[in-house]
Amino acid sequence: WLSNRWLSGGSCARSMDRDQAEERQREARAQIAARLAQGIEYECGDCARTVRLRPGDQVICHECGYRILYKPRTKRPQQYEAR
């Protein structure tokens, strides 16, 4: 019965799917960590310049000293269904 179970892909297939899912999660976490290390871009509310901040940085524009920064809109199109 062991050979039939192995050929049918019982627990072995689930194990491979789980391994692939874990690998995808590791890759996604690595991409997020790389983006955070580079910093996230914000726009200054006063001079409209782009400011790149990393975790732990002070929230301040490096050009004019203004302390209100806005996150720019995404470039990816979004569509919502309204009823």
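A few notes on this one:
- Calculated from backbone phi, Karplus (6.51, -1.76, 1.60) coupling profile of the range 17-29 in Hz, x at Gly/Pro: 4, 5, 5, 5, 5, 5, 5, 4, 5, 4, 5, 5, 5
- Taking amide H as placed 1.01 Å from N in the peptide plane, TYR66 has its amide H under 5 Å from the amide H of CYS61, each at least 5 places away in sequence or on another chain.
- Rounded to whole Hz, the Karplus (6.51, -1.76, 1.60) HN-Hα couplings of the range 60-65, x for glycine and proline: 7, 6, 6, 8, 10, x
- Scoring 71-78, 50-57, 24-31 by mean Cβ neighbours within 10 Å over their residues and listing the highest first yields 50-57, 24-31, 71-78.
The numbers here are math on the coordinates, done by the rules we state, and not lab data. Please read these numbers as outputs of a predicted model, since none were measured by experiment. Because the Cβ atoms are built from the backbone with ideal geometry, glycine has one as well, and the counts that use them run over all protein chains shown.
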